[in-house]
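Contents: one structure, followed by commentary.
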Amino acid sequence: MREKAHDYHIIWDECLKIIKENISSQSFDTWFAPIRPVGLSKHVLTIEVPSMFYHEFIEGNFWELLKTAIKKVMGTNGKLEYKIPISTTSGDKTSTMTLPTSTVNTVESQNKNPIFVQDEKELRQIPNPFVLPGIKKLNIKSQLNKNLNFDNFIEGDCNRLARAAGYAIAKNPGKTAFNPLFIYSNVGLGKTHLAHAIGLETKAQFPDLTVLYINAETFIQQYTYAAMSKSINDFVRFYQILDVLIIDDIEFLASKPKTQEVFFHIFNFYHQKNKQLVITSDKSPVEITGFEQRLLSRFKWGLSTDLQIPDKDTRLKIIRSKLYNNGIEDIDEEVIEYLAYRIVTNVREIEGAIISILAQSSLNKKQITVELAKQMIDKFVQNTAHEISVDFIQKVVCDYYNVPVNLLFTPSRKREIVHVRHSSMYFAKKYTDLSLAQIGAKCGNKDHATVLYACRSIGNLIATNKKIKEDLNNIDKILKKS
Ligand code: ADP
Ligand code: MG
């Protein structure tokens, strides 16, 4: 058997070439472009698909094609495994599920190094992936995904600073005060997208610079391999050759003192030589744990900036842009509004919902209606915490204080009722996107000034009255759980 592929990226790229020739470009973009190869061990190639729905759809509709592609590229023992990120209800963690599938057979392809493109002869001659006599910078592939660029990274209040800093770096790598640029956020809010965008823009501005995007998990694997093969110096030297290093999900380095140590040296080198570092993480440098102090303090040397959950306007823009990119232009505005209203956790969930809806509509030739969107969200995005309604808030607050809900809408000035009314307004402001006037309208026809006054007075009470603070904390917990 011929050893054909050197690593999972190359294997997957080869498979994609075959797949691309056999399906429409729209199907390809929808179903295959978002897949990431993430691992290879013995005969098993692991690919990450965005959701369970994807997995089912691909297995249901493209299985034969996939099988043929894997067979051609990996040989007859090749197998495919799917990795599926699962968001938890709170939307801030991702766990992973791995599903084996009954695919084909292969060559044993045990390449440890996903960075270099080498010819097979060279690969066999060089036991250590980092010792490359006469290594040329040109040989280093950036590992950047051209689909994750600045053009399709929608700007909003949630990401403005990080985006601008990233852009500034790309125009002037290593020469701004943003070194390192440390970007942090919960899952699915665009860290990886922005990381690639920065790399792509840097390459566009400075084609001669060597840029590398790497996930910290891969970095650790490379380090482990280097340690085993006693070639840590070569590993470090490899990283020193680069001009811009983008390291995604640095949290993987937590509680790995040896890898941290080597990263520390790389970091210092970058700093001395004005080379650019971009780091992403699921926590801020202040909150992250399991890191040596000297490394943590260095994370704060440049700029740390976070990505937040997009507000409703930005969600609308993101949805419109994703639909447009999928070739859908004539969709009912109501559907877009509905999606933006229902999915409030992260952008990945938004994408998942859109894909499910498009697939359902094209498979069953159904119109994309709010009803279809609702069905899909309930079915496939069921973990999404939906926005809490004012009615629901009123009910929770009234239950807590044991006050009948209808009293809220009477002109009663009784202290107890006023408190419940004000608390409902306060939580409505906190948990919905409604304006003060809209909240007032739903809380007994009050005007916006009354709602503003209510929110301030509750804020003051929380600061000064222990009992009220405790009660409101309890209500807050109930609302958060729902
Ligand atoms: P993270 O790395 O923070 O978990 P990703 O970068 O993987 O998040 O983002 C999840 C998905 O959402 C990706 O497909 C990405 O393209 C998309 N996305 C995130 N933020 C935006 C944005 N501002 N505009 C457009 N797409 C976005
Ligand atoms: Mg990411």
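The values are calculated or read from the model by the stated rules, or taken from the named source; none is laboratory data. Here the structure is a predicted model, which means the values were calculated and not measured. Quick reminder, even Gly has a Cβ in these numbers, built from the backbone with ideal geometry, and neighbours come from all protein chains shown. The protein model used for the area step is the full one, side chains on, heavy atoms only, and it has no ligands, DNA or RNA in it. Shrake-Rupley method; radii C 1.70, N 1.55, O 1.52, S 1.80 Å.
Per residue of the chain, what 222 nm ellipticity follows from adding -39500 (n - 2.57) for every DSSP H run with n ≥ 4, rounded to the nearest 500? Before the final figure, lay out the partial values.
Values: 18 runs with 238 residues, N = 482.
Helix-only estimate at 222 nm: -15500 deg cm²/dmol.
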- Item | Anisotropy class of the stretch 299-423 from Cα gyration tensor, a/c 1.5 cut | oblate
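Could you sort the peptides 11-19, 202-210 by per-residue average Cβ neighbour count (10 Å cutoff), highest mean leading?
Numbers: 11-19: 19.1, 202-210: 15.0.
The most tightly packed comes first, giving 11-19, 202-210.
Pop the C-beta distance of K141 and R294 into the FRET formula with R0 = 30 Å and round what comes out to the nearest 0.05. Working shown, then result.
On the way: r = 31 Å, r/R0 = 1.05.
After rounding, the FRET efficiency stands at 0.45.
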- Item | Label-point separation in nm, K366 to I220, each point 7 Å along Cα→Cβ | 4.1
- Query: Roughly how many Å² is the accessible area per residue of the chain, as a whole number, for a 1.4 Å probe?
  - Reply: 49
- Label-point gap, in nm, between I478 and K466 - each point 7 angstrom along Cα→Cβ: 2.3
- Message: Shape verdict for the stretch 390-481, please, from the Cα gyration tensor: rounded (a/c under 1.5), prolate (a/b greater than b/c) or oblate.
- Response: rounded
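Where nothing but the Cβ of Lys and Arg (+1) and of Asp and Glu (-1) is charged, how large is the charge dipole of the chain around its Cα centre, in debye to the nearest 20?
The calculation lands at about 1100 debye.
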- Message: Using a 7 Å offset from Cα along Cα-Cβ at Q272, what residues in the stretch 222-239 end up with backbone N under 14 Å from the label point?
- Response: 237
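Which FRET efficiency value, to the nearest 0.05, is calculated for R456 and S412 with the Förster distance at 25 angstrom and r the Cβ-Cβ distance? Walk me through the intermediate numbers first.
Values: r = 21 Å, r/R0 = 0.84.
About 0.75, to the nearest 0.05.
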- Note on the structure: From the cross-link list K191/K258; K79/K317; K146/K175; K67/K374, the entries with a Cα-Cα span beyond 28 Å are K79/K317; K67/K374
- Ordered by residue, what ³J(HN,Hα) values in Hz, to whole numbers, does the stretch 299-308 give under the Karplus form 6.51 cos²θ - 1.76 cosθ + 1.60, where θ = phi - 60° and Gly and Pro are x? 4, 8, 5, x, 10, 10, 8, 10, 10, 10
- Query: Roughly what angle does helix 257-272 make with the longest principal axis of the chain, taking Cα atoms, 0 to 90 degrees, to the nearest 10?
  - Reply: 90
- Message: Given a 1.4 angstrom probe, I'd like the percentage of the accessible area of the stretch 312-382 that is carbon and sulfur, rounded to a whole number.
- Response: 46
- Item | Percentage relative contact order, the chain, counting C-alpha pairs under 8 Å, at least six apart | 12
- Query: Taking amide H positions as placed 1.01 Å from N in the peptide plane, with prolines and chain starts having none, which residues 5 or more places from V38, or on another chain, fall under 5 Å of its amide H?
  - Reply: T46, I47, E48
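Mind giving me the FRET efficiency for D151 and N172? R0 is 22 Å, r the Cβ-Cβ distance, nearest 0.05 is fine. Walk me through the numbers before you get to the answer.
Details: r = 20 Å, r/R0 = 0.90.
Given R0 = 22 Å and the Cβ-Cβ separation, E is 0.65.
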